[in-house]
């Protein structure tokens, strides 16, 4: 499975490299006023990708962190409840088992 993962990422890197070499063109970007910036197309695409990816990634990591915090708090409370239940059961002895009555068939005395 690890081999397939490495193969996948190598394929993605190869496609990105081919795209970069094939589209190494300068793209003019109109900024505020009469200011014009010329940026390489692959760099521009990388920047726009990161502008969309980073906030989403940070949001997802924050949600995962919150859920882990909630889960650890719930696990702590469950372990506290289990330990208190076990300690209470150790203090109070259980009642002795009651023998079940034996059923006698009718006509037998």
* Asked: Quick one: would you say residue 23 is surrounded by 10 or more Cβ atoms within 10 Å (Cβ to Cβ) and touching a helix residue (DSSP H, G or I) at 6+ places or on another chain (Cβ under 6 Å)?
  -> yes
* **Test: residue in segment 75-82 that is exposed (fewer than 10 other Cβ atoms within 10 Å of the Cβ) and over 25 Å from the mean Cα position of the chain (by Cα)** => no
* Do we find that residue 42 is exposed (fewer than 10 other Cβ atoms within 10 Å of the Cβ) and either over 25 Å from the mean Cα position of the chain (by Cα) or at pLDDT below 90 (or both) in this structure? -> no
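The values are calculated or read from the model by the stated rules, or taken from the named source; none is laboratory data. Computed from a predicted structure; not experimentally measured. Virtual Cβ from ideal backbone geometry, glycine too; neighbours counted across all protein chains shown.
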